[in-house]
Amino acid sequence: MLYPVNLDISNRLCLVVGGGAVAARKIESLLRSGAIVRVVSPEACGKIRGLAVQGLIEWQVRKYKHKDMQEAFLVFAATDSDDVQKQIAEQAVKYGVLLNSASKPEGSDFHVPAKISRGNLLLTISTGGSSPALSTLIKKKLGTEFGSEYGTLLELMAQIRKEIISDGEPSDQNRLLFHEILQLPILACIQERRWHDLRNHLARALPTEIDCDLLISRLKT
């Protein structure tokens, strides 16, 4: 059974061994999460070459060496050589580095799930490497249900939470208030950009000292 976790890899060194299309997809995902990416491969596809030319990744044009593992936070084994893949897996265990293997999902320490991002809202779908196609199908279905309005809703709730918590009320009371707010038709107001209606709903639910006009103005910028 896998343990689900959202991992902060910003400014952490992630090693990608391999230069093909699979490696390129891993690299792009890592860059979007703010990782420092080092690629080790004697050859690379056009996408990886382009990223290296732009200075977005470090590409070491050579075969994998055991010492490559020493500084890595995560390692992605994406070569077409069974022997190299096996070496990487063994070295990952030796150095205590978490491994994602493109050729042997069952031998990986972690899997990269399909994901949907709506602002700070992150939905992930994983089949544990068993069926990426099924993950993609579920992602498409969820993508139609959870639109950009959910990112705006999360932004609003984060602002409200900050204001409410600063008042120092008991956590149980705050929890009830947050639940009450989410029962209001605020999602529809956001979808239809009915800001005046949204403001009125919030004004009736929130403490009077909270400036609802300011909350709405922040959403509209």
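The values are calculated or read from the model by the stated rules, or taken from the named source; none is laboratory data. For clarity, every value in this text was computed on a predicted model and none was experimentally measured. Cβ atoms come from the backbone with ideal geometry, glycine included; neighbour counts cover every protein chain shown.
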Subject >> Given (1) without any contact (Cβ under 8 Å) to a residue 12 or more places away in the chain; (2) under 12 Å from G19 (Cα atoms), index of the condition K86 fails >> reply: (2)
Original post:
Looking only at the range 65-77, which residues are crowded, with 18+ Cβ neighbours inside 10 Å and either part of a loop (DSSP other than H, G, I, E, B) or in contact with a strand residue (DSSP E or B) (Cβ under 6 Å, 6 or more places away or on another chain) (or both)?
Top reply: D68, A72, L74, V75, F76, A77
Original post:
Taking the range 109-143 only, how many residues are part of a loop (DSSP other than H, G, I, E, B) and closer than 18 Å to L2 by Cα?
Top reply: 11
Original post:
Do we have any residue at all in the range 10-33 that's basic (K, R), on the phi < 0 side of the Ramachandran plot and in contact (Cβ under 8 Å) with a residue 60 or more places away in the chain?
Top reply: yes
Original post:
Do we have R49 as in a helix (DSSP H, G or I) and more than 19 Å from H111 (Cβ to Cβ) here?
Top reply: yes
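Okay, residues lined up against (1) modelled with pLDDT under 95; (2) under 20 Å from N11 (Cα atoms); (3) not in a loop (DSSP other than H, G, I, E, B):
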{"site": "G55", "(1), (2), (3)": "no, yes, no"}
{"site": "K63", "(1), (2), (3)": "no, no, no"}
{"site": "T79", "(1), (2), (3)": "no, no, no"}
{"site": "V84", "(1), (2), (3)": "no, no, yes"}
{"site": "N100", "(1), (2), (3)": "no, yes, yes"}
{"site": "E106", "(1), (2), (3)": "yes, no, yes"}
Original post:
So which residues in the range 1-25 are of a type outside the set (S, T, Y), within 19 Å of P105 (Cβ to Cβ) and surrounded by fewer than 22 Cβ atoms within 10 Å (Cβ to Cβ), if there are any at all?
Top reply: M1, L2, P4, V5, L7, G20, A21, V22, R25
Subject >> Where G147 falls short, out of the listed (1) exposed (fewer than 12 other Cβ atoms within 10 Å of the Cβ); (2) under 18 Å from the mean Cα position of the chain (by Cα); (3) farther than 23 Å from L7 by Cα >> reply: (1)
